[in-house]
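Read the figures in this text as sums done on the coordinates, not as results from a lab. Every value quoted in this text rests on a predicted model; they were computed, and no experiment measured them. Note: ideal-geometry Cβ built from the backbone for every residue, glycine included; neighbour counts use all protein chains shown.
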Amino acid sequence: MSSKPVSPLDLFAIDGLLSDEERAMRDLVRSYGARELRPHIADWFEAGDLPAREVARGLGRLGVLGMHLHGYGCAGTSALTYGLACMELEAVDSGLRSLVSVQGSLAMFAIWRYGSEEHKQAWLPRMAAGEAIGCFGLTEPDFGSNPAGMRTTAKRDGDSWVLNGTKMWITNGSVADVAVVWAGTADGIRGFVVPTDTPGFSAPVIKKKLSLRASVTSELVLQDVRLPADAMLPQAAGLAGPLGCLDEARFGIVFGALGAARDCLEAAIAYALDREVFDRPLAGFQLTQQKLADMALELGKGMLLALHLGRLKDAGQLDPRQVSLGKLNNVREALDIARECRTILAANGITLEYPVLRHANNLESVLTYEGTSEIHSLVIGRALTGLSAFV
Amino acid sequence: MKIVVCVKQVPDTEAEKRLLPDTLTVDRESSNPVLNEMDEFAIEEALKLTEAHGGEVVVLTMGPDGADAAVRKALSMGAHSGILLSDPALAGSDAVATSYAIAQALGTTEYDLVILGSEASDARTSLVPAMLAERLGLPQLTFASKVEIDGTSITVNRLTDYGHDVVQAQLPAVVSVVEKINEPRYPSFKGIMAAKKKPVAALDVAAAGIDAALVGQAAAATTVVDAAQRPPRSAGVKVTDEGDGGVKLAEFLSAQKFI
């Protein structure tokens, strides 16, 4: 007995939960990814080099960059559609989704939400078009989960700000035209719009990565970087500023991670149907089907959660703790799916001919960036008990 | 300048196509309907011409209710408005009837130029553009790999086996384009959102002035009397290399006229 295979998300009838417009936008990103990005991704990953400017311009033409922001050349889509776009990009590679997350949800969102009108006019239209690339400097070599301890400082000197310090693990850093940098001031943590050609600013690339190889990751070094007084983001005071941006980016990851998982599962199913073991398809063995069924369940459940959070966000009702639910669950499950798929592909799974180990390696980073799984567990634990267990 | 681009919704080119056993017409339910790929080149060329010369692009399709998705896709690429010709009486129309129906629908609007893709990926007849030009009594410039407009004069490179002919005519005219002509743009998110607000006129046979007796499967000039599944692939030829494998391969390819 055999019947026509159904794709995992079709089994959950996910498309029926989307509007025509949401599907059209998702399909646009999917077909763009399939034709323009996927053919190159293994080479970019192998070389550890992403042609970020070219990729950003292409995505800018579609309207992906800062797509859920309104005005200033941004497309102004729903947040849920932004999630779907993240999913399609990450189905190609987490590095591509990272570029878009950092550009749209971190750098552009910070300027859009907290910047002056001059900041917005100066940067947002060019960033939406992909003509200018942004990065976001919060994490430091010794301060990841506890950004409040940051050592980077901004001191007033007459009409200027002078920034000193080091930021670490900064996506897009070496290719950025503008950096949104968070620094301690006499007035608490504040954000600064730093053109990367400002004297004293440098962004060395971090090499020898085993994950997110199709993504530019950098250190930001600020040595007496002198900025005009109006370089400070006027509307962001304290850690709430950068944390607000991170909530935006995490929302995209809730969807994005599932894209990587879907791609792995589709690759594993296709492989298992094609690969014969003991003279019959690997897909016909019960142990394989158990794996596939479990993975499809987690993918579908994660997708339903993501769509629920997307609808809440578009209704203006999304609580940051709910983003923690989504990020913790969906990244964890996506990583498990990628690893399990690798077992189905066996030795073939370790090559760049197939996407599974590339996705698994990428998801190792996604698991800890934008809030580690541990921190999200503690956010959820605090919500459930009312007791804070961070320290 | 007003350009009408005629497009067709077809079964997904990636999917395996089949005929319905009872009517022997294309099974449209079993695969996703998409905009015929060649039509994207027609839309792109129309957009480029209006970007260079001013004017607007109207996209026209004939098909079942869901065919408005093909119109929306064209609108999201930048076309300005649409016409959807849809009526149960049109189902099963052959190329002759289709060209008649489209010609009648074109009578409801003004135009300087009609552009079509040179073939649809489902029927693959390439007949409609020429038939349509004949119906309209307009010059036909088919299989164009390049289009230039100068005032009321249009010049195209018409793709041939030996290269191309340069063909010239006066507007209005009917042009069909080949894939070589351009690189179709992707829609954008803004384009998709704007497409929702663009006007799409709905026509049935009465509104288009179509005589229902001349269209549909019953009026088709030819009848599909039978269809059979393509037989499964046969085992092929095995060449054992006994030092002359290269020669045998070359002989095989030569016999198949590949080399």
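Summary table
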| quantity | calculated |
| --- | --- |
| Cα-based Kirkwood hydrodynamic radius, chain A, one decimal, Å | 21.4 |
| Share of pairwise Cα separations in the range B:124-235, more than 24 Å, in percent | 56 |
| Cα pair distances in the range B:139-184, grouped into 5 Å bins until the bin that holds the longest one, percent each | 6, 24, 34, 22, 11, 3 |
| Between 0 and 90°, nearest 10: helix B:95-106 axis offset from chain B longest Cα axis | 20 |
| Among A:Gly58, A:Ile111, A:Ile206 the positive-end extreme of the charge dipole of chain A (Cβ point charges) | A:Ile206 |
| Low-density loop cleavage sites - chymotrypsin sites (Phe, Trp or Tyr not before Pro) in the range A:173-278, where at most 10 other Cβ are within 10 Å (DSSP) | A:Phe278 |
| A:Ser388-B:Ser234 pseudo-label distance in nm [points 7 Å out on the Cα-to-Cβ vector] | 7.9 |
| Positive-end extreme of charge dipole, the range A:250-368 - chosen from A:Gly326, A:Leu297, A:Leu352 (charges on Cβ) | A:Gly326 |
| Test item: Cα-centred dipole of the range A:248-385, Lys/Arg +1 and Asp/Glu -1 on Cβ, debye | 340 |
| The range B:200-259: translational diffusion in µm²/s, Stokes-Einstein, Kirkwood Rh over Cα pairs, 4 °C, 1.567 mPa s | 73 |
| Charge sum, other residues only, whose C-beta stays under 11 Å from A:Phe109's C-beta, Lys/Arg counted +1 and Asp/Glu -1 | -1 |
| The range B:116-169: C-alpha pair distances exceeding 19 Å, % | 32 |
| Rh (Kirkwood; distinct C-alpha pairs) - the range A:236-391, Å | 16.8 |
| Stretch gain in nm, segment B:Thr223-B:Asp122, where the contour uses 0.36 nm per residue and the Cα spacing is subtracted | 34.7 nm |
| Inter-label distance, nm, simple model (7 Å from Cα along the C-beta direction), A:Thr198/A:Asp294 | 5.1 |
| Square roots of 5 times each gyration tensor eigenvalue, C-alpha, the range A:187-275, largest first, Å | 39, 19, 8 |
| Alpha-carbon Rg/Rh ratio, for chain B, with Rh computed the Kirkwood way | 1.05 |
| 10 Å Cβ neighbours from other chains, averaged over peptide B:185-197 | 6 |
| Point-charge dipole on Cβ atoms (K/R +1, D/E -1) for the protein assembly as shown, about Cα centre, debye to 20 | 1480 |
| For the range B:1-140, diffusion coefficient by Stokes-Einstein and Kirkwood Rh (Cα), 20 °C, 1.002 mPa s, µm²/s | 140 |
| Axial C-alpha extent at least 24 Å, average Kyte-Doolittle at least 0.5 - helices from chain A (DSSP) | A:240-274 |
| Unit charges at the beta carbon, dipole of chain A: most positive-side option, A:Ala47, A:Gln223, A:Pro8 | A:Gln223 |
| Cα Rg over Rh - the range A:121-229, Kirkwood | 0.97 |
| Helical mean residue ellipticity (222 nm; -39500 (n - 2.57) per DSSP H run of 4+; nearest 500) of chain A | -16000 deg cm²/dmol |
| Cα-only Debye scattering, the range A:1-92: base-10 log of I(q)/I(0) at q = 0.15, 0.16, 0.21, 0.26 Å⁻¹ | -0.68, -0.75, -1.09, -1.36 |
| D (Stokes-Einstein, µm²/s), Kirkwood Cα radius, the range B:75-160, 0.692 mPa s at 37 °C | 225 |
| Loop GluC sites (Glu not before Pro), the range B:6-95 (other Cβ atoms within 10 Å of the site Cβ: 11 or fewer; DSSP) | B:Glu14, B:Glu16, B:Glu29 |
